[in-house]
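See structure below.
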Amino acid sequence: MDAGEDHISGLPDELLNAILLGLRSTRAAARAGALSRRWRHLWTPLPGLFLSERSQDAAFLDTVDAALAACDSAPAIEGLTIRLSIYCRGDSVPAERVAPWLRFASQRVVGPLRLPLPRPEEVHGEEAAAVLDVPACEGVTKLELSLSGAWRVRPLAAGLFWALTDLTIVCRFMDGSELTSLVCKQCPRLMHLKLRFMLLANASDISIRSDSLQSLSFSVCKARLLEIVAPRLEELSVSLAPDEAQISAPKLAEVAWADNYDPRRHRFDDVGRRLRLLEPGQNMSLMQQFDEVDELKLGIYIPEIIFQYENFLNQSNKLPNCKILSISLPWRHGLVPGMLHLLRGCNSTRKVFVIVCSDHLLRYPCPPSCPCREESRLVDDISLHSLEEVEITSHTSSHEVFELVEQLSKCNAPILKKVVMKYRMNSPPPPTKEVREKIRSMFPPNIDVDFYFLSKWKWVLFD
């Protein structure tokens, strides 16, 4: 056999492409061109380009430019990812190096485009930002711009994102009117939208009018008015709420509202009264907007101030009918009366999940005059006719948790089948065998009562 003979180049194109795909990196595929002249441009029609480097320097940026230049003759690239480190301190990228990548994508990419970038170079001052112009990319189906540091995303007004279904914009700044134009006029097939940035001007308005939008995640600072008109919208998540909101979404099925909610300023004008999922955060008054919820997730935090507990009682007097109720309690008031108050509104609930950090009771007790200390612990008026399963996860084995289980065992729950107790920490230690048997004896023998503790990030059943 001739030692100088190139046997690799004699392989079929399909097999060579399979080898290059196995490298999972366009940079590695480009380097493979050194093996043979035939390999040098064989990698360019690969289904997608993925370039990634943990610490970028001029050499890597040159590699990106060279890789895209080698694909300049290709009619289409089925996806492009250029991932530059956003975690290494000191890493940055010049804005003028990024702009040609987006122009290339607008002309060649017919699949997903992902561009996680570190901070831009040479930007000074709190309000200063490097402008990244985003041209219309007709073939891009999913666009992810995750930009660290002082970037401003500026969509160009000309053209359409014809194929775009998923759009994520995470940056420092964006203009409200430019976002409105992008979503309402340039993305006719947009289905999933995620926004996280600060508006350039204080008290700016944003309008999201889309016949195709199905999910929206909104975390935008300095927004005055958010208008949503989306007949197909099913999922809405709000982390930073605008000053005002007008929401028209007749198919809305899931709502998560983590920021402050005011029913006078945040209006659900054209929304049904039934949801699959509701996560109102601390906004108990949001529950009054809906009559029926498949799953209700309450993250309840009540400061030790007396009037805050009274507000909790008033706002949670009427829960929407729900099949599953999940309650997270960094509790600073009496755990048992507060939980019994919530359970009084659970006539149709099938499953109840409770997570309680009861050590707060010891470190931040509420005042002796707090109404939670006087509230009734009677369970005669609590009817849990639909309840089948209860799960309580605690960071400690406190007396309050024990009393909660004891009171729960006295409630009228004729079809209750299972009670699960989970303990996340070993200090204080989980309940002893004697305590576990005492808890089991509270319930009829036909109800399974199981105990778990967390060990090496796995739940382990007590023997």
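The values are calculated or read from the model by the stated rules, or taken from the named source; none is laboratory data. Remember, predicted model here, so these are calculated numbers, not experimental data. Calculation scope for accessible area: heavy atoms of the full protein, side chains included, ligands and nucleic acids excluded. Shrake-Rupley method; radii C 1.70, N 1.55, O 1.52, S 1.80 Å.
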Give me the accessible area of residue 438, 1.4 Å probe, in Å² rounded to the nearest 10. 120
³J(HN,Hα) computed for each position of the range 339-346 - Karplus, 6.51 cos²θ - 1.76 cosθ + 1.60, integer Hz, glycine/proline x: 5, 5, 4, 5, 5, 5, x, 10
Phi to ³J(HN,Hα) by Karplus 6.51 cos²θ - 1.76 cosθ + 1.60 over the range 407-424, Hz, x for Gly, Pro: 5, 4, 5, 8, 5, 7, 10, x, 10, 4, 10, 8, 10, 10, 10, 10, 10, 8
List every residue whose amide H lies under 5 Å from the amide H of residue 156, counting only residues 5 or more places away in sequence or on a different chain, with H placed 1.01 Å from N in the peptide plane. 134, 136
Residue by residue, what Karplus-based ³J(HN,Hα) values in Hz, rounded to whole numbers, does the range 233-241 have, using 6.51, -1.76 and 1.60 with θ = phi - 60° and x for Gly and Pro? 5, 10, 10, 10, 10, 10, 9, 10, 7
Please list, ordered by chain and number, the residues whose modelled amide H lies under 5 Å from the amide H of residue 198; skip anything fewer than 5 residues away on the same chain. 173, 174, 221
Residues whose placed amide H lies under 5 Å from that of residue 85, excluding near-sequence neighbours: 53, 56
